[in-house]
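Okay, so here's the structure we're looking at.
Quick note: the coordinates plus some simple rules give every number you see, no bench work behind them. Remember, it's a predicted structure, so these values are computed and weren't measured experimentally. Methodologically, a virtual Cβ is constructed for each residue, glycine included, from the backbone with ideal geometry; neighbour enumeration extends over all protein chains shown.
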Amino acid sequence: MTSSDPPDARSKALVRYQILSAYLALDPQRGQRRVLLEQLARKTWTGADGEPFHVSAETIRAWVRRYRRGGLTALADKAKPRRGVRVLTPALVKLVCDLKREVPERSLDRILRILEDTGLVTPGVVRRSTLHRVLAREGISGRDASPSERQDLDRFEADAPNDMWQSDMLAGPWLPDPERPGKMRRAWLYAFLDDHSRLCLHGRFSFKGDLPALELVFRRAMQKYGKPTRVYYDNGATYRSHHMRQIVGEIGIQGITFTKTYRPMGHGKIEAFNRYTTSAFIAEVKASTIKTLDALNEAFVAWCDLEYNARVHGETGVSPRDRWRAGVARVQYVDDDKLRRAFLWKDSRKADKAGLFSLHGTQYQVGPALAKRSLDVRYDPERLDLVEVWNDGVLAERVKPFEVHTHRRPHVTPVIAAEPTTAPTRTDWLGHLTRKRRRDLPAEPTPLQLAETARATRAAQDQAIVNLIAGKLDPAVRNDAAVRDVLDRHGPFDVDIVAPTLDAVIAREGRDQHVERYLAPIVAARGCGA
């Protein structure tokens, strides 16, 4: 016993020791222990409070075990846990409640992540159950149940990264309209999701009526993560457009699959992503300082990189980023120039007698030879500073926006100092993620770099096998093309497995047989070792 133990605990421990002391002194042998325990249990004992009490034989047996393991201290009762929240200070309790009230959609995990990542609490100290008790005590712990679909759906998952991409449009937050001061305008999100890994490949908010937002997201996704084998879309008019079919055809994607009419549930993974985005990202916008599309898109990219793609998925058991990278060796990238040409928009315009035509509110001027002619204009909607002008299927010229040059001194607009911006609140979670991504981004390898590294590793493995087989067989039967075909269909192979298998076949049949006689056992040996 220690002096720090409560007096009542020490008194109880001494009474219990008095009961079992006779048992300890006699130290009965096997077969006599039960009899002695029952004799002690039939006696009446006096407790620390002076009241008589009885104790069962099994309880005495338990006290004996506790005493032999931990001495007199082990006979004392363990202190009962104090009810209530003791880890959080009153200030932190108020902050937790404020975090929930500001964004009711915030889950316990997200509140805990905000507290730990912003340095308000030490990681691992506060538990989810503690936060739940705080919020339950204030009556703000519940969340509305999400609607469920009662119809049974078949479970499906693509076999590997980039086998299938899904995409959909999601209603986003309201932002100040840059074209109408004092008015608000809703932003809409286009996003692409990899079916196998659930990785958010790219997403972008835009206002309706802006330049083709879907194609810009599709192009960025392929620039970062390579070419998909198939795409799975909603039935929206944007997805069914002629230009989308043209892109898929020119890139070499197998085709487009659309959800059944009035049944978007088959689009389950992107629908689940949209629900999570609504509660975990769009809901956080109200607690941020985001006022423009550019700031919203930067925050969304940071949220995807640091939160969604790095978060362990409940279905797969790993993060979307790690699951996509596990199959990165199979990813194929599209040549930059081919990708650019596939996404060029095509419009017909007729130049006036001065060679001028208008495109998306910008005027361009062609040479005199093309004046008053019908022209085909091809352009990148993100790069309207240079467009291609085609005539009769032939590239005629590339033109820049038309500028009127004046001989007068240009008017200098006075520079007005901008008013200082309001400091972000301490609960601006999206602002925190944006700053963190700006700081940590250079250390993150791009998907293209990962794919190139994986392909280089595979190429080195294949070349080692080719060199091994070529060095052991008779030059007359050497066939590197046949070896590489087997490697493409059945590889990769481990040199440590191939070498002894090849040596065994050579010892049995010699070095001058047809190359297929050596390759078949190698493939079989790999199958046995897999």
Which peptide among 11-23, 385-397 comes first, and what is the full order, when sorted by highest mean count of other Cβ atoms within 10 Å? 11-23, 385-397
Packing-based order for 374-381, 465-472, using average beta carbon neighbours within 10 Å, highest first: 374-381, 465-472
Whole-Å distance, taken between Cα centres, linking the range 446-522 and the range 92-125: 56
Taking 7 Å along the Cα-to-C-beta vector as the label spot, tell me the ALA524-ALA460 distance in nanometres, rounded to one decimal. 3.2
Which of the peptides 175-185, 219-229 is most tightly packed, and how do the rest follow, judged by the mean count of other Cβ atoms within 10 Å per residue? 219-229, 175-185
